[in-house]
Structure formats: structure tokens, C-alpha cells
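**Student:** This is the structure I want to talk about, given as C-alpha cells.
Every number in this text was worked out from the coordinates using simple rules, so none of it is lab data. These numbers come from a predicted model, not from an experiment. As a convention, Cβ positions derive from the backbone with ideal geometry for all residues, glycine included, and neighbour counts pool all protein chains shown.
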Amino acid sequence: MNKTKILISGNEAIAEGAIQAGCAFYAGYPITPQNELIGYFAKHMPERGRVFIQAESELAAINMVFGASSAGARAMTSSSSPGISLKQEGISYIAGADLPAVIVNIQRAGPGLGNIWPAQSDYFQATRAGGHGGYRLIVLAPASVQECYDFMFDAFDLADKYRNPVMILGDGLLGQMMEPLEIKDRRSKIKNYEKPWALTGCKGREPNIAKSFYMVEGDLEESNLRQQKKYKLIQQKEERWEEYFVKDAKIILVAYGSMARIAKGVVNRLREKGERIGLIRPMTLWPFPKKAFTQRPTPKTKYLVIEMSYGQMLEDVLLTVNGKSKVEFYGRSGGGVPTEEEIIKKVHSA
Amino acid sequence: MNHELNMGNIYSHPQSLREKSTHYCPGCGHGTTHRLIAEVIDELGIREKVIGIAPVGCAVIAYDYWKFDCSEAAHGRALAVATGIKRIRPQNIVFTYQGDGDLAAIGGNETIHAANRGENLTVVFINNAIYGMTGGQMAPTTLKGQKSATTPEGRSVELHGYPLKISEMLALLPGVKYIERTSLDSVANILKTKAAIKQAFQNQIDGVGFSLVEVLSPCPTYWGMSPQESLRWIKEAMSKEFPIGRIK
């Protein structure tokens, strides 16, 4: 296998991963802290014969993605929190029309204009249908520059497999930090997914229609139910998570993305002192990795959820644990990032 | 006497139009314009290459009438969707069909920037000076003094501003290659509308660039007029505010 190591930021790794995974179309609008991403696409898409468009707005960008995806291309956009809010309309239409697409959110603190510091306060928006109509996104949460790159292959494959939008939920810390990235000869499964539904011109077949609109009584309900079936299948098949020292742990930290990196540091420090602590790191936020909790028949285990928010993933942990174990929470947001020391203090008081 | 023998086949159903009746009100211009587009696509022999974008508004299910590939678009976003499709499939012929609210109000930004990028697209812009689908509210193109559900005393310039001449605005952009305003108020003008639509498609085939036809189209239901009165109103009132003819 051909291996090369390069030093690169999370944002750039996402862009390079997308290109390697066969992304043929990118449209975006600048916003900090994800500008390296749009910059990378601007430089590298045209030279590889792909389409790059700096759109006039986030609304235009996501709707361009709708168009490119309906035409059969692997298409994506990226933004950060306030811009992702603007994209919600288009994401709802993409979900409604069963179109594959990848949307990257390099979260910053909010609400409103907030600031440009990292945060994890868009978890609800990402996992609960941020737009109207009650759909689901598959949400992947990378925790390293390597995963920023690797998860793009999964994102495009999952999007095509289920004809569903996929969100990469990162944050400003992950997007900005630089780490060595191993460029593996990883093959995208792009060829596995034929798209007979794509708009290509109706030569030799009946016309195809890309739409989420169903006027005739019962038709929309039927479409809804078909999508619910798809969501159930995704829940059954696609839960992903990492376990770190959980087997004998009396207290298990639960954290995703950048926060999980800090949590891992806490586990390492306390394990050195002989404390029985571990980490569950959800890699899919939707479907939330319920099996990571329900497969563990030890109600005495305590969970400590740590987030760069005031408790959003916490709700999924509470729903999953369903009162059978004690669940504690520690979080900061608005640009504040929980430190190892703060978490250790919380562990010892839990 | 055999008419067919003497005159040839002078009228048939376009292949690009499904054989079904529309949901449009009596006297509405959408059905006419749908047919003109279908005839043009047939005559240019591009049905199997065309991808149409249906709007939000009365023509939301235009794809139920046309017989070629189509996409929906969120209200106002047709030209963003069209841009995505055309950039991925430059060999296909991509057009949007948009009303005045879609193109000139909620989608104003998408319209201006697709035009300014000089996207090689065809736009058929239905201007009926009213919002039909939602029950006759003011459009950006509603005339001064015109009554609507949201201008019950008539459009007042002080309160609601002026009828928006988006075609003239777009004509200022160097990316725009062809703009013509036509009308459906007479058979002669319907034929001119067809010729303009054909030109706008031919431009895309030839790679000329952004081409738009604004069609002054009757909405008898929300103008509160008979179909005949509506045609007269286009001629006597609407065409004064929005003069027909080549703009660029």
C-alpha cells in the first residue's frame, strides 16, 4: 500500500478526503473557522476537473448542491454554525427528495453571531432535523485530522448508499489544528452506487423528477413512511463508536470530536494513577451509538458526559441509559473549552 | 376534401407535453407558456437532453405536464439548482420556469448572481403581477394602485415601493446575453413569445450564455377580471409599466 504522511489542518484534510472520495462538486460561502476548506477546494477542484463555485450565499450554495446531486454527482458544501442555519431550508429539501449530499459544519460558538471559537452547540440542530419536516441526517463526528480525511469516504458512501444527506460535525479546534495525515490508497466505493434516478436527460427512459413535493392525498405520508423505514435501517446498521479502557471502568466519560481528545488525555492521566476510568466516543451522532451503552450490563457504571455545550448529547445518553445508570455532565461553551484539570475535578466529585 | 392532404399536419400534441388537462384556472397563462416551451423543445429536438426546474408557485407541478427530466427547487432557488445541474452536465439543456415572486422577490439574489456569473442557462420568467398560489398577494411586479390581498387599497408607492423591473436591472449585467419581454395578450404576441423562448434555448445550445424571457401573463382569478378583460389589462396597463420588446 502506498503511504505518504503530510502535515495538514483538519479543514484541509476534509477537503482532500472529499476530493479523493470522488466529490465532483463543491459550492460554499466563506465563514470562519472553515475558510481553509473553501480555499483548498478553490485551488484543487478546478485542477482536477471538478466544479468549485463560490456561491453568493449559503442558501445558494446548498441549493447548488441540490442541483449537482440531482444530476448524479457527489456534491458537498461546508460552513460554520451561522451559515449552517442558513442552509437548513436546502438540507430539508435534499432530505425530502432523497438526494445524497455531504454538509460539513465546523462549529463555532453561538447563538446568533456568537464568536469564532470552537463549540459543540449545534448538536441538537444536526441530530434533530435542523430544518422543517422531521427528517434525519447521518451525522459523523471526526476527532482527528486523520479522521477528517477518512470520514469523507464514509460520508459520501453512506450518502449514496442510503440516498440521504450526511453531515460532518466538527468544530473550530478540529478544523484549525494541524496533525500528520497518512494519505492511504483508500478506494472510494463511488462505483458501487448507480444512480438511475439522476437527472441526465430522459433519453431511452421515462422522465426522472427530483422532488420532495407530494400533493395527492396519501403520497407524502407514503414518502414519509418509506423514509422512516430507511432511518430505522440506518439505526440498525450504522452506529459507530470507539471504546477506550471501558471494560473495567467504574466511570466512563462520553465525549465526541475535539472534546474526546481532551477526555482521552484525562483517561490516560487517571489510568496512570490506577483509576478505573474509560471513554466512549460516539463517531456517529445520528444514529447515536446506543449499543455502546445497552451492551454494557453494568448499571453501577457511572457516565460523565463532557461537551463544549451546556448539555446536548447529554440528552441522548440520558435517553439511552434510561435511568439505569447515573449520568453526570460537565460542559462549557461560548468559546470555553473544558480542560483536563476541570474534567478530573468533576470525575473526582462525581 | 382531405385537409391533411392539402395542408399537411398543422396541429399536433407536442411530444414534450403529457396528454392531460392542467390544474390552472380558466384564462391563466401558465398552460399556454408550458405548451410553447414544449413546442420549442420538440422543434429543437432536445427533449432527451432537457432538464427543467419547476418553481414554487402555481406552476409547482409543471413536471406533471412536461415530458422530460425535471427538478423542483425551493422558493426562489431555481437558478441555484439550475447552476448545480448545468455545471455538472454542461451538455444538457437546463432551464428554469419562475414566477415574479420566485425570481424577483425571494430569489432576487440567486437570480442576480446566476446572471452575473453568466451561467449558460435559459430562464422563462412569468410576470403576472400577483401571487397566485397563495391567494393573490402583492408581487414585486404588482402595478401602482393595483389591488391585491395585501394591498387592499391598491399598491401605494409610499408603503410598498415601485413595480420592480428586474429584467431591465439584469440587462445591466455583462454576464447577461439576451433578455426579451413578451406578452400573451394576443395570438401575435403569443407567437412572438414562442420565438423569444426559442431564441433563449438556441442561445444555450450555441453556448451564448444567460438568456431570459419575461412573459406578461394573465391571472384572471386574482386580478378579479374575466379572461378577456385580463388580456385587455395586459395591453392597456401592464405593458405600459413593463414595455414589451427586446431589452438586451
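**Student:** Under the rule a/c < 1.5 gives rounded, and otherwise a/b versus b/c splits prolate from oblate, where does the stretch A:107-166 land using the Cα gyration tensor? Write out the running numbers ahead of the final one.
**Tutor:** Values: a/c = 3.25, a/b = 1.22, b/c = 2.66.
Oblate, since a/c reaches 1.5 and b/c is not below a/b.
**Student:** Using modelled amide H (1.01 Å from N, peptide plane; none on Pro or chain starts), what sits under 5 Å from the amide H of B:Gln15, excluding residues fewer than 5 places away?
**Tutor:** Those lying under 5 Å, H to H, from B:Gln15: there are none.
**Student:** Still on this model: Charges only on Cβ, +1 for Lys and Arg, -1 for Asp and Glu: so what's the dipole of the protein assembly as shown about the Cα centre, in debye to the nearest 20? Before the final figure, lay out each step's value.
**Tutor:** Details: 71 positive and 61 negative charges, 294 e Å.
In debye, rounded to 20, the protein assembly as shown gives about 1420.
**Student:** Projecting each Cα onto the charge dipole of the stretch A:121-219 (Lys/Arg +1, Asp/Glu -1 at the beta carbon, about the Cα centre), which of A:Pro196, A:Pro180, A:Ala159 comes out farthest on the positive side?
**Tutor:** A:Pro196
**Student:** Continuing with the same structure: Which is farthest toward the positive dipole end of the protein assembly as shown among A:Ser70, A:Gly274, B:Ser183, measuring Cα position about the Cα centre, with Cβ charges +1 (Lys, Arg) and -1 (Asp, Glu)?
**Tutor:** Of the options given, the answer is A:Gly274.
**Student:** If you don't mind, another one. What does the convex hull of the Cα atoms of chain A come to per residue, in Å³, rounded to a whole number?
**Tutor:** 148
**Student:** Please name which of A:Thr284, A:Phe245, A:Met215 has its Cα lying farthest along the dipole of the stretch A:181-286 towards the positive end, using unit charges on Cβ (Lys, Arg +1; Asp, Glu -1) and the Cα centre as origin.
**Tutor:** Most positive-ward Cα: A:Phe245.
**Student:** What is the distance in Å between the Cα centroid of the stretch A:113-167 and that of the stretch A:1-72?
**Tutor:** First find each Cα centre; the distance between them is then 15 Å.
**Student:** With n ≥ 4 as the cut-off for DSSP H runs, can you work out [θ] at 222 nm for chain B, using -39500 (n - 2.57) per run divided by the number of residues, rounded to the nearest 500?
**Tutor:** Helix-only estimate at 222 nm: -9000 deg cm²/dmol.
**Student:** Alpha carbon centre of the stretch A:78-112 versus the stretch B:159-195: separation in Å?
**Tutor:** When both Cα centres are located, 35 Å separates them.
**Student:** To continue, here is another question. Of A:Glu239, A:Glu58, A:Glu47, which is the most mobile in a GNM of chain A whose springs link Cα atoms less than 10 angstrom apart?
**Tutor:** A:Glu47
**Student:** Treat every Asp and Glu Cβ in chain B as -1 and every Lys and Arg Cβ as +1, leave all other atoms uncharged, and give the resulting dipole magnitude about the Cα centre to the nearest 20 debye.
**Tutor:** That gives a dipole near 340 debye.
**Student:** Which residue fluctuates most in the GNM of chain A (Cα springs below 10 Å): A:Leu285, A:Leu225, A:Leu199?
**Tutor:** In the Gaussian network model the winner is A:Leu225.
**Student:** How much of the DSSP beta bridge set in chain A is antiparallel, as a percent to the nearest 5? Don't jump to the answer; show the numbers that get you there.
**Tutor:** Details: 13 of 46 bridges.
Bridges in chain A that DSSP calls antiparallel: roughly 30 percent.
**Student:** Also: Would you mind checking B:Lys67/B:Lys165; A:Lys195/B:Lys49; A:Lys161/A:Lys232; A:Lys3/B:Lys86; A:Lys232/A:Lys290; B:Lys20/B:Lys235 for any pair whose Cα atoms are more than 25 angstrom apart?
**Tutor:** Over 25 Å Cα-Cα: B:Lys67/B:Lys165; A:Lys3/B:Lys86; B:Lys20/B:Lys235.
**Student:** Is the stretch A:55-194 best put as rounded, prolate or oblate by its Cα gyration tensor, with a ≥ b ≥ c the root eigenvalues, rounded for a/c under 1.5, and otherwise prolate when a/b is larger than b/c, oblate when not?
**Tutor:** It comes out oblate by the Cα gyration axes.
**Student:** Further question on the same structure: Need the C-alpha centroid separation for the stretch B:58-103 versus the stretch A:220-243, integer Å.
**Tutor:** 30
**Student:** Still on this structure, I have one more. Measuring from the lowest to the highest alpha carbon on each principal axis, how far does the stretch A:1-75 reach, largest first, in angstroms?
**Tutor:** Extents along the principal axes, in whole Å: 37, 29, 17.
**Student:** Please go through the stretch B:128-169 and write out the GluC sites (Glu not before Pro) that DSSP classes as loop and that have at most 10 other C-beta atoms within 10 Å.
**Tutor:** Details: sites: B:Glu153, B:Glu158, B:Glu168; in loops: B:Glu153.
Passing sites in the stretch B:128-169 are B:Glu153.
**Student:** Continuing with the same structure: Considering only the stretch B:23-246, what is the antiparallel percent among its DSSP beta bridges, to the nearest 5?
**Tutor:** Of the beta bridges lying entirely in the stretch B:23-246, close to 15 percent run antiparallel.
**Student:** Under a point-charge model restricted to the Cβ atoms of Lys and Arg (+1) and Asp and Glu (-1), what is the dipole moment magnitude of the stretch A:4-237 relative to its Cα centre, in debye to the nearest 20?
**Tutor:** Values: 25 positive and 24 negative charges, 134 e Å.
For this selection, approximately 640 debye.
**Student:** How high is the FRET efficiency between A:Leu318 and B:Ser21 when r is their beta carbon distance and R₀ equals 51 Å, given to the nearest 0.05? Provide the component values of the computation, followed by the final result.
**Tutor:** On the way: r = 55 Å, r/R0 = 1.09.
For R0 = 51 Å, the calculated efficiency reads 0.40.
**Student:** For chain B, what class follows from the C-alpha gyration tensor (a ≥ b ≥ c being the square roots of its eigenvalues): rounded when a/c is under 1.5, otherwise prolate if a/b is larger than b/c, else oblate?
**Tutor:** Numbers: a/c = 1.65, a/b = 1.17, b/c = 1.41.
Taking the square roots of the gyration eigenvalues as a ≥ b ≥ c, chain B is oblate.
**Student:** Another question, if that's okay. Which whole number gives the average, over all residues in B:59-68, of C-beta atoms from other chains lying within 10 Å of the residue C-beta?
**Tutor:** Average per residue, whole number: 3.
**Student:** Please compute the average number of Cβ atoms from other chains found within 10 Å of each residue's Cβ in peptide A:22-32.
**Tutor:** Shielding by partners across A:22-32 averages 1.
**Student:** To continue, here is another question. Looking only at the stretch A:192-215, which residues have a backbone nitrogen under 19 Å from a spot 7 Å from the Cα of A:Lys230 in the C-beta direction?
**Tutor:** A:192-200, A:208-215
**Student:** Ignore the peptide's own chain and count Cβ atoms of other chains within 10 Å of each Cβ in A:88-95; give me the average, rounded.
**Tutor:** 2
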